[in-house]
Structure formats: structure tokens, C-alpha cells
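To keep things clear, I will list the structure first and then write my remarks on it.
A short reminder: the numbers here are calculations on the coordinates, not readings from a lab. Values in this document were obtained by computation on a predicted structure and should not be read as measured data. Don't worry about glycine lacking a Cβ; one is built from the backbone with ideal geometry, like all the others, and counts go over all protein chains shown.
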Amino acid sequence: MAENMSKITAVLVLGVMILFGIFFVFGNKKAFSENENRELADTPEFSISDAADGELTKNAEKYFTDHFPFRDRFIAGSAKLSTLVSESIVNGVYVSGDRLLDMSAEKRDTTDKSAELINKFCEDHSSAAYFVCVPTSSGVYGDEFPQYYQKNIENRQITSFYNSLSADIRRIDAYNILKMLNENYIYYRNDNKWTTYGAYCVYKTVIQKLGFSPIPYSKYTVEHVDFDFRGDLYDITQYKDIVPDTIDIYKCISGDKIKSCVSYNNSGKREKLKLCDKERLDSPYKYDVYMGETKPYLNIKTTVNNNRKLLVIKDKFGDCFIPFLTQHYSEIAVVSPEALRVPLSSVVNVDSYEQTLFIMGVNSMSSSDLFELLNK
């Protein structure tokens, strides 16, 4: 009897292997994973050099991993199983009761080199400089982490970074504003970034530091344009039990309008775009509804009649924040260091802007190479 069961088991295992092999060879191979929001590996090409140094084997393993039959279901099931048998940690992301939280903060080196480059940039230009270092959702909701995990890591990182900045740079505290409001919907549940409401809460303080009165919340209409947003933390975990997020677009009632918004790539090619474009909701990453895919430089002109000009240097945290600034400046230049491949001086004359606002997540401070081209 036992021998017969062993034979049956062997036949079943062999049958499953053959079935998976057929699916792998003849199944449809996708170039892009919408669930993970990334390009999948191409078929590896044979070369003697790659075979000799092991690169061919690595590429083949990556190709098989990316195109494994029923891969999406396997990843989702694996994430669910991980939360049931372990401490609710999936690929370095903590699954709390109602949100996903990145646990990588303690691995970041946030300070000296980035601060040095930013200090040099501000010393070389006459524009008054302001810095908003924004915590991720993990920084604001870190109390939900397991007991053994260090608390307040991002607050300490922001403080250390601010202490490394030149005294001439005005530091604006976003952490305590957001921490105080953390019972509100100020961060996405499935993404590191703040919601548009979280950005608005910080905008009220930032704009006063810049010399203006904030536009009251009552002057805005809020349009819920999507109820099924799953962001970067979902891409990492594929964990489906967290409630999807809502994407909002704020419009100022009877406010000033955008006259033009033009982006430039690193070759200087121009493209007109919208600050908030609902067509982007059909793209793989719905957050691109704010300002589209990251471009090195864009120029915004408004109907505000005050000849005030602002330079904004930002990462993705700035995307839903910038529309609030358009009610106060006649011109805003926006630079995204992560997309910049040429010296900043070749795309914008910094000294023609009276103020420079840095608005970046604390996680960007660990990438000092982001700021290399600001000083060239």
C-alpha cells in the first residue's frame, strides 16, 4: 500500500512539474507587471562571456522568477501566509492592522554628504532657501511597529539632517505637524507617501514661512478621482487585505489659473502637461495623476499678478504639493534631481528666482548622488 502511494505521489509531482513546464514554455510572457509596477526580465541572450562569469545563469534565474506560471497568485498567497505564520513582515514591509509600513528606515544613511551638497548649492546662489524634509508613513505611524523595532527613527534622521544644514537655510518642521494629525487620512495605507490632504496640512505652514497667507480649506473643492489606488508598498508585498486608497484632486474655487505648464527632458525637448491629469489613472502607477512621470525640469506660469518666482527642488512628495503653491506665485520652476542628467545650470538660472524651496522625503536624503548635479 505504502509503495503504491509513493508511486502515485511521484506521478502527481511529475505531472505538476510537466504542467508547469508547459505553462512556462508556452504561456503568455508579459513585459510589464502591473501588480508590481515594474518591467519584467527579458529572455536572456547567450554569450560566451556571460556564461563564463556566471551572468547568464543570473539572468536565466531572474527570467524564470519573473515569468513563473501563476506568479501573481503565488506572490499574493505567499504574502498572506507570511502574515499568518510570522510577525506580519513581508519583504521588509510590516503589515499592521490597517496599513503597510516600510521597515527600511534604520538602514538609511541620511545626512552628511547630502547636507554638504545642499549647503554648497545655497552658498553659491542668492535665492533664499527653505527645506521641508517629509517623513514617510513609517515615520508618522512608527508606533505600530513591533516592540523590538526602534521607534522615532525618521524623526531623529530629520533632526540630524537639519542640524547639518547651513544656518542660512530655513528649516520647516513637517514631522510634528503630521504626527499631531495622524488620526486623519494624511498618508496612504498602501504607499509611503502622504495624501493630498497631508500635503495641504503642511502647505499651510510652509506658505506662511514663504511670506503668504494660506488659502483656507473651504476655498477648495475635493474630487475623489480613484478609490482603488495601491502604491509602492503594495508593489513590494502584493498584500491584498489592506483597504485600497483614495486619490483626491484639490481645485481652488475662483482661484488663480495655470496659464502654461511645460516640461523639459534632459535634451531640452518641450512637452505641455497638466498638473493634475485624470487620464493618468489608466497608467500602471496611478499616483502619476499628479504631474505625470517624473521629468527633470518643468516651468509653470499662472495668472497670479505679483511677479513672484519660486524654484522648487523636489522628489515625489512634491508632486501633489506644488498645485497649492500655484495660488501664490506667477512663475514656478520645478526640478526633480532623480531625473536630472545634466547640470542644473543648463536648465534653469537659479539666481533669477527669489526663493528656493526643497521639499523631499527623508528617504531621499540617503541618496547624496541626487544632489551632485545641483552644483555643476
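Look at the Cα gyration tensor of region 142-193: its axes a ≥ b ≥ c give a/c of at least 1.5 with a/b at or below b/c, and that counts as oblate.
Once both labels are positioned 7 Å from their Cα atoms along Cα-to-Cβ, the gap between GLU372 and LYS120 label points is 1.1 nm. For region 115-216, the set of chymotrypsin sites (Phe, Trp or Tyr not before Pro) satisfying both a DSSP loop assignment and a count of at most 14 other C-beta atoms within 10 Å is given as TYR148.
Within the set LYS269/LYS376; LYS113/LYS274; LYS259/LYS314; LYS179/LYS272; LYS204/LYS301, which residue pairs have Cα atoms separated by over 32 Å? Walk me through the numbers before you get to the answer.
Working: LYS269/LYS376 21 Å; LYS113/LYS274 34 Å; LYS259/LYS314 22 Å; LYS179/LYS272 37 Å; LYS204/LYS301 21 Å.
Result: LYS113/LYS274; LYS179/LYS272 exceed 32 Å.
Rounded, prolate or oblate: which one fits region 151-261, using the alpha carbon gyration tensor with axes a ≥ b ≥ c (rounded when a/c is under 1.5, else prolate when a/b beats b/c, else oblate)? Working shown, then result.
Details: a/c = 2.11, a/b = 1.06, b/c = 1.99.
Oblate is the answer for region 151-261, as a/c is 1.5 or above yet b/c matches or exceeds a/b.
First measure r as the distance between the Cβ atoms of GLN147 and ASN176, then evaluate 1/(1 + (r/R0)^6) with R0 = 22 Å and state the FRET efficiency to the nearest 0.05. Kindly include the intermediate steps, with their values, before the conclusion.
On the way: r = 24 Å, r/R0 = 1.08.
For R0 = 22 Å, the calculated efficiency reads 0.40.
Shape call for region 219-302 from the C-alpha gyration tensor, a ≥ b ≥ c root eigenvalues: rounded (a/c under 1.5), prolate (a/b greater than b/c) or oblate?
The shape class here is oblate.
Label zone (LEU281, point 7 Å along Cα-to-C-beta; backbone nitrogen cut-off 18 Å) within region 233-253: 244-252.
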